[in-house]
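The values are calculated or read from the model by the stated rules, or taken from the named source; none is laboratory data. For clarity, every value in this text was computed on a predicted model and none was experimentally measured. Cβ sites come from the backbone with ideal geometry, for glycine too, and all protein chains shown count toward neighbours. With ligands, DNA and RNA removed, areas are computed over all heavy atoms of the protein, side chains included. Shrake-Rupley method; radii C 1.70, N 1.55, O 1.52, S 1.80 Å.
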Amino acid sequence: MKVIRFMLMAMVAVMMAACSGYSKSTCEELAEKIKSHKELTQSDYSAMIDQYEAIAGQLNDIRNKVKGDAAKEAEILQDEENRDLLGYALMFGLTLSMSDLDDANKEKFEKAQEKYKD
């Protein structure tokens, strides 16, 4: 019984970790679907919005570190991971704004877009 309980708790922990925050692998998968013109589902859009929102948080953190310093901005843009974040944000934002989202995803996307305004 303890083994089953432990396994269930481990599975829940893994699922919770997978459902929150930026995931490079999730972004890569979604970007590949977009680039290859595969049909996106509402579930794909929901995952894309989650990533779009998580990226906004990371970009806001970077912006707060840079605070208009041109040398820091140049340094930040030299980092491939930071360039990827910007690319995913642009790709996902454009894709989502041009897609036929269901009502739940429309509302979710509108809330996520608020994190990019400042």
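Filter the range 87-118 down to the residues that are assigned to a helix (DSSP H, G or I) and surrounded by fewer than 17 Cβ atoms within 10 Å (Cβ to Cβ) and list them by number. Steps first, please.
At the first step, the residues of the range 87-118 found to be assigned to a helix (DSSP H, G or I) are 87-97, 103-114.
Correct list: Gly87, Leu90, Leu94, Ser97, Asp103, Ala104, Lys106, Glu107, Glu110, Lys111, Gln113, Glu114.
Filter the range 19-44 for residues that are open to solvent by 50 Å² or more (accessible area, probe 1.4 Å) and modelled with pLDDT under 95; which is nearest to Glu81 (Cα to Cα)?
Ser20
Does at least one position in the range 53-60 carry a residue that is surrounded by 15 or more Cβ atoms within 10 Å (Cβ to Cβ), in a loop (DSSP other than H, G, I, E, B) and out of contact with any His (no Cβ under 8 Å at 6 or more places or on another chain)?
Taking every residue of the range 53-60 in turn, none turns out to be surrounded by 15 or more Cβ atoms within 10 Å (Cβ to Cβ), in a loop (DSSP other than H, G, I, E, B) and out of contact with any His (no Cβ under 8 Å at 6 or more places or on another chain).
Quick one: in the range 61-86, of everything that is farther than 19 Å from Glu29 by Cβ and open to solvent by less than 40 Å² (accessible area, probe 1.4 Å), which residue is farthest from the chain's Cα centre (by Cα)?
Of everything passing the filter in the range 61-86, Val66 is farthest from the chain's Cα centre (by Cα).
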